[in-house]
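Undergrad: To start, I am sharing the structure in question, which I have written as structure tokens.
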Amino acid sequence: MTAATFSLVFLFVVALTLGLRLWLSWRQARSVAAHRAAVPSPFTDRIPLDAHQKAAYYTRARLAVGAVELFVETALLLVLTLGGGLQWLFDRAAQLFEAGGLWHGVAFLSLIAIVSFAVGLPFSIWRTFVTEARFGFNKTTPATFVGDLAKGVLVGAALGLPVIALVLWMMQATGARWWLWVWAFWLSFNLLIMVLYPILIAPLFNKFVPLEDGPLKERIEALLQRCGFKSSGLFVMDGSKRSAHGNAYFTGLGAAKRIVFFDTLVERLTPQEVEAVLAHELGHFKLRHLWQRVAVMAAMSLAILALLGWLMGEDWFFAGLGMHAHGEAAALALVLFALPVFTFPLTPLTSLWSRRHEFQADAYAAHHAQAEDLVSALVKLYRDNAGTLTPDPLYSAFYDSHPPAPIRVAQLRNA
Ligand SMILES: [Zn+2]
């Protein structure tokens, strides 16, 4: 392949992806608008019309921000690759550190991270203080936002810089099979973060207090016993500090695993409903969905690293994406930017897989708790989070990690 051919292929796939994403967003906006006048059938008596309409406007507002961000992201991608931006950053980094050395690579990848962060920041500000605020969801103060940003940058640098340095060093020092070494390191690093995240990182951003004794705790402990589940604690997190959206999740691995409820969830759901939501989360755990994800992530990263190992020897790959420099850091940066464009068509597969897991976890919940409690919890969550009940089927099939509410409720009632 020549560099020019590869540039054309890349440009074509970028344009195709942009077109597809805009078309799907347009379909979603159209579907939500078309069903705005009436609450769909299984929810008619449970969700008031004004909440349904709020969900429609909220969905549309988020799609609009997403579309603008999509254009900006695509422009950035083209400026950095074909426009020579990455090469320019590479040259700037060479002014700071010895060209071709390890620190040159670390500085180059850090500059890319800073540019991506700076471009994404206005959207994050807009989402929090305009979109979320307009619909009454935002609880983040500017001080919390800035604090989160500062902590995020510090944690990112503390973890990211050593990882980049180590990966680049391994690529240079471990010979032709470097990608196996890097893979083993990357896998161990991810598992380590899964263990450390709930203990060291999450508490930097939120307060976790043990769930109070009372009817809810008794219910939950009975459920855990029925399901044969041991955890190192039940915690309530101050999610209301940032947002009115509610959730519950599992975090950690092995002895460090915890169950975390957002305070907003505990406030709004009855103990039976919280129990049903937790039974669903337990289902994910018992059915080993997390480990299946880890296995797929491991296989994908091995494939990507092997691909990277091959591409590093191909001139057309560098030149075709606007870089005349070669080497480890350059290849890593190009793969980071170019690969998502080529893997985008796989999105529906991962979404489908995720929705299967949701159905399985729902079936588990229906078996170990009351299906009807989960239905009423879901209805409340859709209502309070302004989730749309009438997505476009194609949009939903492409992106949705969770099945559309009407289908999910119908399945639960059949369980
Ligand atoms: Zn789930």
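Undergrad: Hey, can you tell me all the residues within segment 21-35 that are open to solvent by less than 60 Å² (accessible area, probe 1.4 Å) and not hydroxyl-bearing (Ser, Thr, Tyr)?
TA: From segment 21-35, those open to solvent by less than 60 Å² (accessible area, probe 1.4 Å) are 22, 24-25, 27-29, 31-33; that's our starting set.
Of everything in segment 21-35, those that are open to solvent by less than 60 Å² (accessible area, probe 1.4 Å) and not hydroxyl-bearing (Ser, Thr, Tyr) turn out to be 22, 24, 27, 28, 29, 32, 33.
Undergrad: Quick one: is residue 394 more than 15 Å from the ligand (Cβ to nearest atom), modelled with pLDDT under 95 and either basic (Lys, Arg) or farther than 25 Å from residue 239 by Cα (or both)?
TA: Answer is no for this residue.
Undergrad: Further, regarding this structure: Residue 365: of a type outside the set (Asp, Glu), touching an Asp or Glu at 6+ places or on another chain (Cβ under 8 Å) and in contact (Cβ under 8 Å) with a residue 40 or more places away in the chain, yes or no?
TA: no
Undergrad: Now for a separate question. Within segment 158-179, work out how many residues are out of contact with any Ser or Thr (no Cβ under 8 Å at 6 or more places or on another chain), part of a helix (DSSP H, G or I) and open to solvent by 30 Å² or more (accessible area, probe 1.4 Å).
TA: Qualifying residue count, segment 158-179: 11.
Undergrad: Follow-up. What are the pairs, 6+ residues apart or on separate chains, where a residue within segment 96-111 that is closer than 19 Å to residue 153 by Cβ and of a type outside the set (Asp, Glu) has its Cβ under 6 Å from a residue that is in a helix (DSSP H, G or I) and open to solvent by 70 Å² or more (accessible area, probe 1.4 Å)?
TA: 107/96
Undergrad: Ok, one more. Hey, could you check segment 361-383 for residues that are hydroxyl-bearing (Ser, Thr, Tyr) and closer than 14 Å to residue 42 by Cβ and say which is farthest from the ligand (Cβ to nearest atom)?
TA: Step one: of segment 361-383, the residues hydroxyl-bearing (Ser, Thr, Tyr) are 364, 376, 382.
Next, from what is left, pick out any that are closer than 14 Å to residue 42 by Cβ: 376, 382.
Working: 376: 17, 382: 14 Å.
The extreme case among them is 376.
Undergrad: How about segment 201-225: which of its residues are part of a helix (DSSP H, G or I), touching a helix residue (DSSP H, G or I) at 6+ places or on another chain (Cβ under 9 Å) and more than 12 Å from residue 275 (Cα to Cα)?
TA: 201, 204, 205 - these are the residues of segment 201-225 that are part of a helix (DSSP H, G or I), touching a helix residue (DSSP H, G or I) at 6+ places or on another chain (Cβ under 9 Å) and more than 12 Å from residue 275 (Cα to Cα).
Undergrad: Conditions: (1) under 24 Å from residue 303 (Cα atoms); (2) under 19 Å from the mean Cα position of the chain (by Cα). Residue 170 meets all but one. Number of the miss?
TA: (2)
Undergrad: Moving on. Any idea how many residues of segment 197-230 are in contact (Cβ under 8 Å) with a residue 60 or more places away in the chain and either open to solvent by 40 Å² or more (accessible area, probe 1.4 Å) or of a type in the set (D, E, K, R) (or both)?
TA: Residues of segment 197-230 that are in contact (Cβ under 8 Å) with a residue 60 or more places away in the chain, as a first pass: 198, 223, 226-227.
Imposing the further condition that a residue be either open to solvent by 40 Å² or more (accessible area, probe 1.4 Å) or of a type in the set (D, E, K, R) (or both) reduces the set to 226.
The number of residues fulfilling the criteria is 1.
One line per residue, one yes/no per condition, for (1) open to solvent by 50 Å² or more (accessible area, probe 1.4 Å); (2) within 26 Å of residue 352 (Cβ to Cβ); (3) within 16 Å of the ligand (Cβ to nearest atom); (4) at pLDDT 95 or above:
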{"residue": "248", "(1), (2), (3), (4)": "no, yes, yes, no"}
{"residue": "264", "(1), (2), (3), (4)": "no, no, no, no"}
{"residue": "288", "(1), (2), (3), (4)": "yes, yes, yes, no"}
{"residue": "291", "(1), (2), (3), (4)": "yes, yes, yes, no"}
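Undergrad: If you don't mind, another one. Tell me the residue from 352, 339, 334 that is part of a helix (DSSP H, G or I), open to solvent by 20 Å² or more (accessible area, probe 1.4 Å) and more than 16 Å from the ligand (Cβ to nearest atom), please.
TA: 339
Undergrad: A further question on this structure: Among the residues of segment 316-326, are any part of a helix (DSSP H, G or I), open to solvent by 40 Å² or more (accessible area, probe 1.4 Å) and either within 16 Å of the ligand (Cβ to nearest atom) or free of Cβ contacts under 8 Å to residues at least 12 places away in the same chain (or both)?
TA: Of the residues in segment 316-326, the ones part of a helix (DSSP H, G or I) are 316-320.
Going one step further and asking which of them are open to solvent by 40 Å² or more (accessible area, probe 1.4 Å), we end up with 319.
Restricting the remaining residues to those that are either within 16 Å of the ligand (Cβ to nearest atom) or free of Cβ contacts under 8 Å to residues at least 12 places away in the same chain (or both) gives none.
Within segment 316-326, none of the residues are part of a helix (DSSP H, G or I), open to solvent by 40 Å² or more (accessible area, probe 1.4 Å) and either within 16 Å of the ligand (Cβ to nearest atom) or free of Cβ contacts under 8 Å to residues at least 12 places away in the same chain (or both).
Undergrad: Hey, another quick one. Run down 123, 135, 90, 145 and say which single residue is open to solvent by less than 50 Å² (accessible area, probe 1.4 Å), closer than 14 Å to residue 330 by Cα and out of contact with any strand residue (DSSP E or B) (no Cβ under 6 Å at 6 or more places or on another chain). Explain how you work it out, then say what you get.
TA: Values: 123 fails: closer than 14 Å to residue 330 by Cα; 135 fails: closer than 14 Å to residue 330 by Cα; 145 fails: closer than 14 Å to residue 330 by Cα.
Only one candidate qualifies: 90.
The values are calculated or read from the model by the stated rules, or taken from the named source; none is laboratory data. It should be emphasised that the depicted structure is a prediction, and the values quoted were computed from it without experimental measurement. With ideal geometry, Cβ positions are generated from the backbone for all residues, glycine too; neighbour counts draw on all protein chains shown. Surface accessibility is based on the protein's heavy atoms, side chains included, excluding ligands, DNA and RNA. Shrake-Rupley method; radii C 1.70, N 1.55, O 1.52, S 1.80 Å.
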